[in-house]
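Since the structure comes first, as structure tokens, the remarks are kept for the end.
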Amino acid sequence: MSHATELAAAAGSSDPRVGLRAVRALRRLLETLEVIQVDNARRHGWSWQEIADALEVSRQGVHKKHAGRPAVGPSKEV
Amino acid sequence: MFERFTERARALVGAAADEARRREHPAVAAEHLLLALLADEDSLAVRVLRDAGADLADLRARAVVAVSAADGTSRPFDSADAAALREIGIDLDAVRAAVERAFGAGALQPPAPPRRSWWRRQLGGTFNPQARKILELSLREALRLRHRHIGTEHILLAMVRDGRGAAAETVVAAGVDPTTLDQFVLNALRPAA
């Protein structure tokens, strides 16, 4: 079976291991992108409230999750 | 649960926290627990390891190497992640390229896992998920053997019995069969005739 066919077969499979592994990888990717974008927004001077509104989550939630990281400095381009 | 820990087991956990602090690691990991466990040469855990055929000097050297990798940085995305994402139509390389265009090379680094604070309140240190799991499993090991206390030997069993994780792999690499450790613990606890 060619590589492409194998992949297509796996994509159509209802094997929970395949599906859950994809969810796990996607969650890691999502968390990674969230950290990058929240830090970027902070560097651009966005308030926690503005970030929370953009993500459609509570201000407390976004603050609790992200405020503990080392502070990000102001962007040099600002 | 912590009140069930013997004085030696508490000292082990405290020493692991000291070890992490001294190395300026953000959290106590399984590797710090292993190093602290090996440091107390008169503990039941070390006696069990010796009985099970471990070369203690070799094991300690391996543990020192393993602990330096426990600096809290998270595992980067690997080919298994990329393959899993491809299954659902996401091209990780394309995402990485887009992120690196905006934020520079290496920007797509997964964040370190979030930490909880229960063990920190108990002990004055932060424990990563593997280390917390080991301490929780040590209670289960004690219950399984019908022991009322949690000692260094139960922490050892919790650490290596499933054979997974950096600490377990280090012990196995030093020549210990994790499936036989139970028996060595029971032998060590049997009162001398």
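The values are calculated or read from the model by the stated rules, or taken from the named source; none is laboratory data. Source: prediction; values computed, not measured. Neighbour counts are summed over all protein chains in view; Cβ atoms, including those assigned to glycine, are modelled from backbone coordinates with ideal geometry.
Yes/no per residue for (1) at pLDDT 90 or above; (2) surrounded by 15 or more Cβ atoms within 10 Å (Cβ to Cβ):
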| site | (1), (2) |
| --- | --- |
| B:A102 | yes, no |
| B:M159 | yes, yes |
| B:G163 | no, no |
| B:P178 | no, yes |
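Go through chain A and tell me which helices (runs of 4 or more DSSP H), entirely inside it, have 2 or more residues that are among the small types (G, A, S) and modelled with pLDDT of 85 or more.
A:16-43, A:48-55
What number of residues within the stretch B:67-91 are closer than 28 Å to A:L29 by Cβ, more than 9 Å from chain A (Cβ to nearest Cβ) and surrounded by 14 or more Cβ atoms within 10 Å (Cβ to Cβ)?
3
Being crowded, with 16+ Cβ neighbours inside 10 Å and either of a type in the set (K, R) or closer than 27 Å to B:P111 by Cα (or both): is that true of B:L49 here?
Considered against the rule, which asks whether it is crowded, with 16+ Cβ neighbours inside 10 Å and either of a type in the set (K, R) or closer than 27 Å to B:P111 by Cα (or both), B:L49 comes out as no.
For the stretch B:26-43, which positions are surrounded by fewer than 21 Cβ atoms within 10 Å (Cβ to Cβ) and either touching a residue at least 60 places away in the same chain (Cβ under 8 Å) or not assigned by TED's automatic domain parsing to the domain that holds B:R164 (or both)?
B:P26, B:D40
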